Amino acid sequence: MQSKLEIGTRLRQLREALGYTHEELAEMINVSPRFCYDMELGNRGMSLNTLCSLAEALNTTCDYLLFGPEDNDSKNQHDLDMEPFIAIVEACPNIKRENLLKIMTSYLEAVREE
């Protein structure tokens, strides 16, 4: 397992890529916004339940959160899943990115409810 700071960095990157605030993520996983902030800074650890909730909310795996990308020549499945979304966001005009992130977030929430 990697350090809490490395895990926190991955948490922040995923949260920001999905367009969630600390408050939104905290509500999704039933913790305080301050707890989310502290986890991202590496100041706090988390329970197994919180880890599982984070993985689900951030559409990733516990393995990715704990260990990061695999250390082999093939890309981690998580990286492959994010590339098209990143390309779409980068191609979107800055003034419309907030709307695009809302649409993507709404879609992700709808898919999770199925």
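Charged side chains reduced to their Cβ positions (Lys and Arg at +1, Asp and Glu at -1) give the chain a dipole of some 380 debye around its Cα centre. Inter-label distance, residue 67 to residue 30: 2.8 nm, where each label sits 7 Å from its Cα along the C-beta direction. The smallest convex shape that holds all Cα atoms of the chain, its convex hull, gives 113 Å³ per residue. Residues of the range 1-34 falling in the label zone of residue 88, defined by backbone nitrogen less than 20 Å from a point 7 Å along Cα to beta-carbon, are 13-21.
Rounded to the nearest whole Hz, the Karplus-based 3J(HN,Hα) values (6.51 cos²θ - 1.76 cosθ + 1.60, θ = phi - 60°) of the range 13-18 follow the sequence 4, 5, 4, 5, 4, 8, with x at glycine and proline.
Computed from the coordinates by the stated procedures, all read-outs in this text should not be read as laboratory data. In this text the structure is predicted, and so the values were computed from the model without any measurement. Positions of Cβ are backbone-derived with ideal geometry, glycine not excepted, and every protein chain shown enters the neighbour counts.
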